[in-house]
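Note sheet for the following structure.
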Amino acid sequence: MSVILATAGHDDKIRFWEAPSGICSRILRYADSQVNCLEITPDKQYLAAGGNPHIRLFEINNSSNQNPILTLEGHAGNVTSLGFQRNGRYLYSGSEDGTVKLWDLRSPTFSRSFDSKGAVNSVALHPNQAEIISGDQNGSIKIWDLGSAKCISDIIPDAQTTSTSAQGRVAIQSVDVSNDGRTLVAANNHAEVFAWNPSDAIKKQNDDSFQPVAKFRAHALGAYLLHARISPDCRHLVTTSSDKTARLWDTTTWQLTQTLSQHNKWVWDAVFSADSSYLVTASSDRTARLWNLRTGTPVRQYVDHDYAVTCVALNDSST
């Protein structure tokens, strides 16, 4: 299979799609939990799905096996975000239990666990493969060094909106790092986006003059931001929101370039194609949509879920 596209959400099912035709080609049952996040291994052999509190790995190319080949046990709450290291041997995850974990897939138990001291909403791996970035409910962005097993940076951005949290901070909803390693993005759930140079985030975090290179509101006041992701070519950022839209931002100017507005309810997730020219979005309207970013129009709709579609994974790389 050259293109692997999968969606999941609140109906406890994972669906694989024929991307060009919009036909659902396979359904997997995710027992006893909604699915919060999906990720495909770089070699397109396995799909990881995060639920409450398990992570399960499924074979992609063996349609006769509907059961997970591996269940990772160790989190004590919803798994909110996950991903694979470049070689596919290791998986990293974040959870509402307040931890970031690293898993060697040759074992069902975690090899490292980091205490974020707050529910983790998002994790991302630096392209150097040596640092994990997390964003948490306490409004903190942490950089974890895998070599020393320590937190080497803890950033609390200066949000302009008020929060009802105990610390008075706005929760960080999503974090990502560009493939060239030059941009770290964090977005809070009140739709404020912050961007830094990751090396500055480590070297200058205690400097009073340390400020993000960009800071802007991605969606209107009152809307919730749900996800933010940088395109593979590092030129665009997509943000998704409760305002029923996904928005594209130029990472050089941080200006809005497109608003994708065909969904009827919240847009929870979005993922770029390998060449950054297409985007797939997932929504509470029970659909996922494929967008041509050259024209800004939807070219395919994926319709078969019974409830909200909250996560999507795509791997169409040629390597």
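If I filter region 1-58 down to residues being buried (at least 19 other Cβ atoms within 10 Å of the Cβ) and among the small types (Gly, Ala, Ser), which single residue comes out as farthest from SER107 (Cα to Cα)?
ALA19
Could you list, in sequence order, the residues of region 66-89 that are open to solvent by 20 Å² or more (accessible area, probe 1.4 Å), at pLDDT 95 or above and within 18 Å of VAL177 (Cα to Cα)?
Listed by number, the residues that qualify are THR80, PHE84, GLN85.
Tell me whether region 116-135 contains one or more residues that are over 19 Å from VAL177 (Cα atoms), without any contact (Cβ under 8 Å) to a residue 60 or more places away in the chain and surrounded by fewer than 16 Cβ atoms within 10 Å (Cβ to Cβ).
Checked against the condition, which is being over 19 Å from VAL177 (Cα atoms), without any contact (Cβ under 8 Å) to a residue 60 or more places away in the chain and surrounded by fewer than 16 Cβ atoms within 10 Å (Cβ to Cβ), region 116-135 yields at least one hit.
Suppose we filter region 179-191 for residues that are open to solvent by less than 10 Å² (accessible area, probe 1.4 Å) and more than 13 Å from the chain's Cα centre (by Cα); how many remain?
Here is the first cut: in region 179-191, the residues open to solvent by less than 10 Å² (accessible area, probe 1.4 Å) are 184-188, 191.
Adding the requirement that they be more than 13 Å from the chain's Cα centre (by Cα) leaves 184, 188, 191.
Looking only at that region, the number is 3.
Among the strands (runs of 3 or more DSSP E) contained in region 10-115, which hold 2 or more residues that are among the hydrophobic types (A, V, I, L, M, F, W, C)?
Where strands (runs of 3 or more DSSP E) fall fully within region 10-115 and carry at least 2 residues being among the hydrophobic types (A, V, I, L, M, F, W, C), they are 13-18, 23-29, 37-40, 46-50, 55-59, 70-72, 79-84, 99-104, 110-115.
Would you confirm, using the coordinates I've provided, whether ASP285 is at pLDDT 95 or above, more than 18 Å from the chain's Cα centre (by Cα) and under 20 Å from HIS305 (Cβ atoms)? Talk me through it step by step, then tell me what you get.
Working: at pLDDT 95 or above: yes; more than 18 Å from the chain's Cα centre (by Cα): yes; under 20 Å from HIS305 (Cβ atoms): yes.
Yes; evaluated as a whole, the condition is true for this residue.
Given (1) part of a strand (DSSP E or B); (2) open to solvent by 60 Å² or more (accessible area, probe 1.4 Å); (3) in contact (Cβ under 8 Å) with a residue 24 or more places away in the chain, where does TRP291 come up short, assuming only one miss?
Exception for TRP291: condition (2).
Restricting attention to region 230-263, which residues are closer than 14 Å to ALA191 by Cα and of a type in the set (D, E, K, R)?
ASP243, LYS244, ARG247
Determine whether ASN62 is in contact (Cβ under 8 Å) with a residue 40 or more places away in the chain, over 17 Å from the mean Cα position of the chain (by Cα) and surrounded by fewer than 20 Cβ atoms within 10 Å (Cβ to Cβ).
Details: in contact (Cβ under 8 Å) with a residue 40 or more places away in the chain: no; over 17 Å from the mean Cα position of the chain (by Cα): yes; surrounded by fewer than 20 Cβ atoms within 10 Å (Cβ to Cβ): yes.
No: the conditions fail for ASN62.
The values are calculated or read from the model by the stated rules, or taken from the named source; none is laboratory data. What you see is a predicted model, and the numbers here were worked out from it, not measured in a lab. Don't worry about glycine lacking a Cβ; one is built from the backbone with ideal geometry, like all the others, and counts go over all protein chains shown. Surface accessibility is based on the protein's heavy atoms, side chains included, excluding ligands, DNA and RNA. Shrake-Rupley method; radii C 1.70, N 1.55, O 1.52, S 1.80 Å.
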